[in-house]
1. If you scan region 30-45, which residues turn out to be assigned to a helix (DSSP H, G or I) and exposed (fewer than 10 other Cβ atoms within 10 Å of the Cβ)?
2. For Ala39, are the conditions met, namely being modelled with pLDDT under 85, outside the structural domain of Ala2 (by TED's automatic domain parsing) and among the hydrophobic types (A, V, I, L, M, F, W, C)?
3. What pairs can you find where one residue is in region 4-18 and under 19 Å from Gly84 (Cα atoms), the other is of a type in the set (A, V, I, L, M), and their Cβ atoms are less than 7 Å apart, with a gap of 6+ or different chains?
4. If you scan region 53-81, which residues turn out to be among the charged types (D, E, K, R) and out of contact with any helix residue (DSSP H, G or I) (no Cβ under 9 Å at 6 or more places or on another chain)?
Amino acid sequence: LAEYLVGDDRTGVFRRLASRLRIDALKLHRLTDLIPDDAPDPAREHVRRRIGALQALRLALLQHMFLKIVSVPAFSRANDISRGDVIEMVMTLRVDEALALLRRAFPVRIPGPRDFPLDETSDYPDGGEEGYGAIERDCLTPIARAHALSLRITTAIANEFGAHG
């Protein structure tokens, strides 16, 4: 993950965005100080804390997804998709697309000798599918679950703000 993030300039971009938002926030606070607030809403702090907790959970899930995606083993470059491309997809939150590509690269179920009518017995070792099954169990399924929960939390945050539509 650290190697991937070395060449990533999003930190600088976010820093500049944060500076701009900080200036906007200062201006907004100056404007809101001019508005009389005789009866502040007592539930406001509770809503803020709830949104903060939801956002903290969401960020933890995103970090979990990022750590899991870099633990996926290297795979052959098929259809012009590399491991770096898949990591980039997850980092840009194109998680469903990345998982579909990874599930194609690491199929859990592949045809085996039992799937074909054979007259001779096979000496092919059993359990050849457990390696990809472990990747699905340890990496892909947790990423999919974290992504689904992250989307639900995003919806909950939007609902707290009253952002519908």
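1. Taking region 30-45 as the starting set, the residues that turn out to be assigned to a helix (DSSP H, G or I) are 30-33, 44-45.
Residues satisfying the conditions are Arg30, Leu31, Thr32, Asp33, Arg44.
2. Yes: the conditions hold for Ala39.
3. Tyr4/Val70; Tyr4/Ile87
4. Selection gives Asp80 alone.
The values are calculated or read from the model by the stated rules, or taken from the named source; none is laboratory data. Quick caveat: nothing in here was measured; it's all calculated off a predicted structure. For neighbour counting, all protein chains shown are included, and Cβ atoms are generated from backbone atoms with ideal geometry for every residue, glycine included.
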